[in-house]
Amino acid sequence: MPVAASALSWLAVAGRSSSSAMTRLMLGRTLERICKGVLLLCLLHFLIMMILYFDVYSQRFDLFSRFNNGRNGSRNNVSGAAGNGHHFYYYNLSRPNATLASYAATGEQVVPSSQPETNQTPSPKPLPPCPENPPGLVGRLLIEFSSQMTMERVQKENPNVTEGGRYTPPDCQPRWKVAIIIPFRHRENHLKYWLHYLHPILRRQRIDYGIYIINQLGEDTFNRAKLLNVGYTEALKEAEYDCFIFSDVDLIPMDDRNLYHCYDQPRHFAIAMDKFGFRLPYAGYFGGVSGLSKKQFLKINGFPNEYWGWGGEDDDIYNRITLNGMKVSRPDVRLGRYRMIKHERDKHNEPNPQRFNKIQNTKNTMKKDGISSLTYRVVQVKRYPLYTNISVEIGKPPPRPFKG
């Protein structure tokens with residue numbers, strides 16, 4: 001038994017000695033790894049310091065060489081080229097990120113290059129044409145006039161519209177540059193609703209447009225067609241428009257797929273008003289909202305100037321279109337639906353008793369009565385955030401012939 005106990009005691013001591021040796025071995029290996037890591041870090045630090053040292057040394061060497069070159073150049077300039085009026089310049093291309101502009105900013109002299117520097121700024125890529133059928137359209141719209149509308153609210157709703165009621169799509173090249181012209185007098189409340197609905201519609205349609213309110217000053221008889229001629233003329237002073245849409249301020253489209261741009265033929269947009277039971281009242285109707293390209297407008301000599309009071313001018317325009325070999329184009333009746341803001345007939349806009357006689361004589365009058373004979377006086381042009389207001393005097397109607 002004593003021998004066995006002694007043997008066990010020896011084994012225990014040997015086990016502890018072996019465990020202690022293993023621990024020292026692992027500790028030694030760990031310390032060895034740490035030392036190697038520290039050594040590598042020191043070596044890396046040394047290499048970085050050497051690189052920085054030589055970089056600074058080279059720059060200092062460059063500085064002295066430029067100073068000496070400058071002095072030598074000055075001597076050469078004085079001794080050899082002063083009489084010729086030439087100067088010797090230097091331009092150190094070894095400096096990192098050195099450019100012609102950076103040297104000019106510090107007052108350093110620069111060697112004129114034998115080849116002119118090219119502008120390194122990449123030119124912006126041309127925008128793609130706007131799609132014929134814009135993808136963001138909603139379709140049928142809910143139009144109502146019961147909620148309170150303010151100009152401040154409309155302005156907040158349309159932050160991308162610039163002063164004067166101008167907008168152009170930022171991501172595509174519009175196919176038309178459109179001036180939207182509204183004949184106007186004493187319809188401020190209607191205008192708020194028109195702007196509230198039309199600005200978002202036009203933006204979704206990806207149209208480059210400007211909105212022009214042509215305000216007839218005074219209380220003489222209203223002349224819608226003459227105001228439209230004024231709008232055409234004044235809008236062209238603002239921009240090179242090639243499409244003109246003429247809209248009453250109380251008509252709101254009920255579908256944004258009724259695209260407000262010009263077509264191959266003169267366009268009649270408002271073909272189904274709630275006022276007429278969403279039907280075209282008669283085949284030759286061209287009222288409410290219409291559009292003509294600049295070429296089409298000039299071909300018919302614009303609109304008549306001598307329709308004072310309500311009615312007749314739309315039929316005269318329709319006659320001008322057909323007499324000049326064009327046809328009126330219209331959208332599908334489901335797209336050309338409009339709501340009219342209900343209102344009483346304006347004062348000094350009573351039905352024109354001469355309208356029927358004038359309509360019958362369009363062929364004889366259209367060449368001398370139109371954009372070519374337009375006279376008016378601009379009193380004020382004011383650009384608001386959502387539209388441009390042009391206040392004009394357009395004269396008075398001629399005295400009516402005495403009956404009896």
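Observations, loosely collected:
- Here the Karplus curve 6.51 cos²θ - 1.76 cosθ + 1.60, taken at θ = phi - 60°, turns the phi angles of region 197-213 into couplings of 8, 6, 4, x, 4, 5, 5, 5, 7, 6, 10, 7, 9, x, 10, 10, 9 Hz, with x standing for Gly and Pro.
- Sorted largest first, the principal axis extents computed over the alpha-carbon atoms of region 285-404 equal 49, 38, 31 Å.
- Here's the picture: a label point sits 7 Å out from the Cα of residue 299 along the beta-carbon direction, and within region 310-343 the residues with their amide nitrogen under 14 Å of it are 318-329.
- Evaluated with a Cβ-only charge set (Lys, Arg +1; Asp, Glu -1), region 151-393 carries a dipole of roughly 460 debye about its Cα centre, given to the nearest 20.
- What the phi angles of region 272-286 give under the Karplus curve with 6.51, -1.76 and 1.60, with θ = phi - 60°, is a coupling list of 9, 8, 4, 4, 9, x, 6, 10, 6, x, 7, 4, x, 6, 9 Hz, glycine and proline written as x.
- Estimated at 0.36 nm per residue, the fully extended path between residue 334 and residue 276 surpasses their Cα-Cα distance by 19.5 nm.
- Cross-link pairs exceeding 20 Å between alpha carbons, from the set 192/342; 327/363; 295/396; 295/327; 226/327: 295/396; 226/327.
- Candidate cross-link partners of residue 368 among the aspartates and glutamates, defined by an alpha-carbon separation under 17 Å and a same-chain spacing of 8 or more, comprise 306, 313, 316.
- Amide H to amide H, with H built 1.01 Å from N, residue 329 comes under 5 Å of 267, 268, counting only residues 5 or more places away or on other chains.
- In region 193-271, the alpha-carbon atoms span a convex hull of 123 Å³ per residue.
- More than 35 angstrom apart: percent of Cα pairs within region 151-393: 7
- Scattering curve values for region 207-322, log₁₀ I(q)/I(0), Debye with Cα scatterers, q = 0.13, 0.23 Å⁻¹: -0.51, -1.63
- Note on residue 138 and residue 123: the extension gain reaches 1.9 nm, defined as 0.36 nm multiplied by sequence separation minus the Cα-Cα distance.
- For region 317-327, the Karplus equation 6.51 cos²θ - 1.76 cosθ + 1.60, evaluated at θ = phi - 60°, returns couplings of 5, 4, 4, 4, 5, 5, 5, 9, x, 10, 10 Hz by residue, with Gly and Pro reported as x.
- Expected-Rg normalisation [2.2 N^0.38 Å, Cα atoms] applied to region 137-288: 1.04
Each value in this text was obtained by applying a stated rule to the coordinates, not by laboratory testing. Fair warning: this is a prediction, and the values are worked out from it, not measured in the lab. In this analysis, Cβ positions are derived from the backbone assuming ideal geometry, glycine residues included, and neighbour counts consider all displayed protein chains.
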